[in-house]
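The values are calculated or read from the model by the stated rules, or taken from the named source; none is laboratory data. The structure displayed is predicted, hence computed values, not measured ones. Here the Cβ positions follow ideal geometry from the backbone for every residue, glycine too, while neighbour counts run over all protein chains shown. All accessible areas refer to the heavy atoms of the entire protein, side chains included, with ligands and DNA or RNA removed. Shrake-Rupley method; radii C 1.70, N 1.55, O 1.52, S 1.80 Å.
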Amino acid sequence: SIGAVATKTDFVASILFYANTDRCQYFAPTYIKAADEGHDLIKFYAIDCDKLAENETDLEKLPACKPSNRDSLPLLSFFEPAPTPFDPKSGSFALPKEHYYQGEANAGDIVQFGKDLMPAFSKVVQTQQELDKILADHTIPHKVLLFTSKDELPHMLKAITSRFRDRLEVRLLS
(Lines give C-alpha, C1' and ligand atoms only; values in the text may rest on other atoms or scores of the structure.)
Protein backbone atom coordinates (compact mmCIF):
# COMPACT_ATOMS: atom_id res chain seq x y z
CA SER A 1 0.00 0.00 0.00
CA ILE A 2 1.07 3.61 -0.50
CA GLY A 3 0.91 4.08 3.28
CA ALA A 4 3.53 1.39 3.84
CA VAL A 5 5.83 2.95 1.25
CA ALA A 6 5.33 6.41 2.67
CA THR A 7 5.80 5.56 6.33
CA LYS A 8 7.75 2.37 6.95
CA THR A 9 10.06 2.00 4.00
CA ASP A 10 13.58 0.70 4.45
CA PHE A 11 14.41 0.87 0.76
CA VAL A 12 14.32 3.36 -2.08
CA ALA A 13 10.91 3.21 -3.70
CA SER A 14 9.66 4.62 -6.98
CA ILE A 15 5.99 5.40 -7.59
CA LEU A 16 4.59 6.24 -11.00
CA PHE A 17 1.28 8.08 -11.01
CA TYR A 18 -0.42 7.60 -14.36
CA ALA A 19 -3.73 7.83 -16.20
CA ASN A 20 -5.10 6.77 -19.56
CA THR A 21 -3.39 9.52 -21.56
CA ASP A 22 -1.11 9.45 -24.58
CA ARG A 23 1.87 10.69 -22.54
CA CYS A 24 1.36 8.02 -19.89
CA GLN A 25 1.01 5.27 -22.48
CA TYR A 26 4.18 6.50 -24.19
CA PHE A 27 6.11 6.47 -20.89
CA ALA A 28 4.84 3.07 -19.63
CA PRO A 29 7.36 0.86 -21.52
CA THR A 30 10.23 3.01 -20.22
CA TYR A 31 9.06 2.59 -16.63
CA ILE A 32 8.58 -1.15 -17.08
CA LYS A 33 12.11 -1.43 -18.47
CA ALA A 34 13.48 0.60 -15.52
CA ALA A 35 11.66 -1.73 -13.11
CA ASP A 36 13.12 -4.77 -14.88
CA GLU A 37 16.64 -3.31 -14.67
CA GLY A 38 16.49 -1.95 -11.13
CA HIS A 39 14.15 -4.24 -9.20
CA ASP A 40 16.99 -5.79 -7.18
CA LEU A 41 17.84 -2.41 -5.64
CA ILE A 42 14.70 -0.27 -5.88
CA LYS A 43 11.03 -1.07 -5.32
CA PHE A 44 8.84 0.02 -8.25
CA TYR A 45 5.14 0.79 -7.93
CA ALA A 46 2.49 2.30 -10.21
CA ILE A 47 -0.80 3.94 -9.30
CA ASP A 48 -3.62 4.22 -11.82
CA CYS A 49 -5.13 7.62 -11.09
CA ASP A 50 -8.23 6.85 -13.17
CA LYS A 51 -9.10 3.94 -10.87
CA LEU A 52 -8.17 5.93 -7.79
CA ALA A 53 -10.50 8.76 -8.87
CA GLU A 54 -13.45 6.41 -8.43
CA ASN A 55 -13.09 6.75 -4.65
CA GLU A 56 -13.09 10.27 -3.17
CA THR A 57 -11.39 9.12 0.05
CA ASP A 58 -8.44 7.64 -1.83
CA LEU A 59 -8.21 10.71 -4.02
CA GLU A 60 -7.82 12.97 -0.97
CA LYS A 61 -4.80 10.92 0.17
CA LEU A 62 -3.02 11.28 -3.19
CA PRO A 63 -3.34 14.79 -4.60
CA ALA A 64 -1.20 13.84 -7.62
CA CYS A 65 -4.23 11.92 -8.89
CA LYS A 66 -6.78 14.73 -8.59
CA PRO A 67 -8.49 15.50 -11.91
CA SER A 68 -6.98 19.00 -11.87
CA ASN A 69 -3.51 17.42 -12.00
CA ARG A 70 -4.26 15.02 -14.86
CA ASP A 71 -2.31 17.17 -17.36
CA SER A 72 0.82 16.75 -15.17
CA LEU A 73 0.81 12.96 -15.50
CA PRO A 74 2.82 10.84 -15.66
CA LEU A 75 4.45 11.85 -12.40
CA LEU A 76 7.39 9.85 -11.11
CA SER A 77 8.39 10.14 -7.45
CA PHE A 78 11.16 8.43 -5.52
CA PHE A 79 11.15 7.95 -1.77
CA GLU A 80 14.45 7.87 0.13
CA PRO A 81 14.42 6.04 3.48
CA ALA A 82 14.64 8.18 6.59
CA PRO A 83 18.00 7.92 8.42
CA THR A 84 16.17 6.71 11.54
CA PRO A 85 13.00 4.76 10.74
CA PHE A 86 11.39 5.05 14.16
CA ASP A 87 11.51 8.03 16.49
CA PRO A 88 11.19 6.73 20.05
CA LYS A 89 10.51 10.22 21.45
CA SER A 90 7.43 10.82 19.32
CA GLY A 91 6.54 7.14 19.01
CA SER A 92 6.06 7.45 15.26
CA PHE A 93 7.74 6.41 12.06
CA ALA A 94 9.89 8.96 10.27
CA LEU A 95 8.69 9.80 6.78
CA PRO A 96 10.96 9.14 3.83
CA LYS A 97 12.02 12.09 1.72
CA GLU A 98 10.21 12.46 -1.59
CA HIS A 99 12.16 13.32 -4.74
CA TYR A 100 10.45 14.11 -8.04
CA TYR A 101 12.18 12.64 -11.05
CA GLN A 102 12.70 15.28 -13.74
CA GLY A 103 15.39 13.64 -15.84
CA GLU A 104 15.43 12.01 -19.23
CA ALA A 105 12.69 9.52 -20.02
CA ASN A 106 14.96 6.50 -20.33
CA ALA A 107 15.26 3.46 -18.11
CA GLY A 108 18.97 3.83 -17.36
CA ASP A 109 18.61 7.38 -16.06
CA ILE A 110 15.58 6.46 -13.95
CA VAL A 111 17.42 3.55 -12.31
CA GLN A 112 20.53 5.68 -11.74
CA PHE A 113 18.41 8.38 -10.08
CA GLY A 114 17.10 5.77 -7.64
CA LYS A 115 20.58 4.36 -7.02
CA ASP A 116 21.89 7.84 -6.24
CA LEU A 117 19.28 8.11 -3.47
CA MET A 118 20.32 4.88 -1.79
CA PRO A 119 21.69 5.56 1.68
CA ALA A 120 24.59 3.59 3.06
CA PHE A 121 23.90 2.62 6.65
CA SER A 122 27.51 1.84 7.38
CA LYS A 123 30.48 3.41 9.10
CA VAL A 124 34.14 3.60 8.24
CA VAL A 125 36.63 2.03 10.65
CA GLN A 126 39.79 4.13 10.70
CA THR A 127 41.93 2.66 13.47
CA GLN A 128 42.86 -0.74 14.85
CA GLN A 129 41.47 0.38 18.21
CA GLU A 130 38.06 1.04 16.61
CA LEU A 131 38.10 -2.38 14.96
CA ASP A 132 39.01 -4.13 18.22
CA LYS A 133 36.16 -2.33 19.99
CA ILE A 134 33.63 -3.41 17.34
CA LEU A 135 34.81 -7.02 17.40
CA ALA A 136 34.62 -7.11 21.21
CA ASP A 137 31.12 -5.60 21.33
CA HIS A 138 28.77 -8.54 21.90
CA THR A 139 25.66 -6.33 21.85
CA ILE A 140 25.94 -6.26 18.05
CA PRO A 141 24.88 -9.78 17.05
CA HIS A 142 25.68 -9.56 13.34
CA LYS A 143 28.66 -7.69 11.93
CA VAL A 144 29.87 -7.30 8.37
CA LEU A 145 33.38 -6.01 7.75
CA LEU A 146 34.12 -4.99 4.20
CA PHE A 147 37.77 -4.62 3.29
CA THR A 148 37.92 -2.24 0.36
CA SER A 149 39.95 0.45 -1.31
CA LYS A 150 36.78 2.24 -2.42
CA ASP A 151 35.29 5.23 -0.65
CA GLU A 152 31.72 4.04 -1.01
CA LEU A 153 29.68 0.86 -0.71
CA PRO A 154 28.50 -0.84 -3.91
CA HIS A 155 24.78 -0.34 -4.57
CA MET A 156 23.85 -3.91 -3.67
CA LEU A 157 25.48 -3.56 -0.25
CA LYS A 158 23.73 -0.22 0.24
CA ALA A 159 20.44 -2.03 -0.36
CA ILE A 160 21.40 -4.70 2.18
CA THR A 161 22.44 -2.16 4.83
CA SER A 162 19.16 -0.34 4.33
CA ARG A 163 17.02 -3.45 4.50
CA PHE A 164 18.75 -4.91 7.57
CA ARG A 165 19.88 -1.74 9.31
CA ASP A 166 18.20 -2.63 12.57
CA ARG A 167 19.76 -6.11 12.68
CA LEU A 168 23.16 -5.75 11.04
CA GLU A 169 26.21 -3.52 11.55
CA VAL A 170 28.27 -2.86 8.44
CA ARG A 171 31.75 -1.35 8.67
CA LEU A 172 34.16 -0.38 5.91
CA LEU A 173 37.86 -0.91 6.41
CA SER A 174 40.08 0.77 3.87
Å² of accessible area per residue within the chain, as computed with a 1.4 Å probe and no ligands counted: 63
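How much space per residue, in cubic angstrom, does the convex hull of the C-alpha atoms of the chain take up? Intermediate values should be presented prior to the final figure.
On the way: hull volume 22.7 nm³, N = 174.
For the chain, the hull spanned by Cα atoms encloses 131 Å³ per residue.
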Extend 7 Å from the Cα of residue 21 along its Cα-to-C-beta direction; within the stretch 62-78, residues with backbone N under 13 Å of that point are 64-76
Sparse-neighbourhood loop hits (trypsin sites (Lys or Arg not before Pro), the stretch 69-174; DSSP loop; Cβ within 10 Å at most 16 others) -> 89, 150, 167
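First compute the accessible area of the chain with a 1.4 Å probe, then give the percent of it belonging to carbon and sulfur atoms. The partial results should precede the final answer.
Values: 5790 of 10890 Å².
Carbon plus sulfur share of accessible area: 53 percent.
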Phi-based couplings in Hz for the stretch 12-19 (Karplus 6.51, -1.76, 1.60; Gly and Pro marked x): 6, 10, 10, 10, 9, 9, 9, 9
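Scan the stretch 13-116 for GluC sites (Glu not before Pro) in coil per DSSP, keeping those whose Cβ has at most 15 other Cβ atoms within 10 Å, and list them by number. Before the final figure, lay out each step's value.
Working: sites: 37, 54, 56, 60, 98, 104; in loops: 54, 104.
Here the GluC sites (Glu not before Pro) that fit, given the DSSP loop and packing criteria, are 54, 104.
Among the listed pairs 61/115; 33/89; 51/89; 66/115, which are separated by more than 31 Å between their Cα atoms? Intermediate results must be reported in sequence, preceding the final value.
Values: 61/115 27 Å; 33/89 42 Å; 51/89 38 Å; 66/115 29 Å.
Correct reply: 33/89; 51/89.
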Sum -39500 (n - 2.57) across every DSSP H segment of at least 4 residues in the chain, then divide by the residue count to get the 222 nm mean residue ellipticity, nearest 500. -10000 deg cm²/dmol
With +1 on the Cβ of every Lys and Arg and -1 on the Cβ of every Asp and Glu, and nothing else charged, how large is the dipole of the chain about its Cα centre, in debye rounded to the nearest 20? 500
What residue among 95, 135, 157 has the largest mean-square fluctuation in a Gaussian network model of the chain, using Cα springs under 10 Å? 135
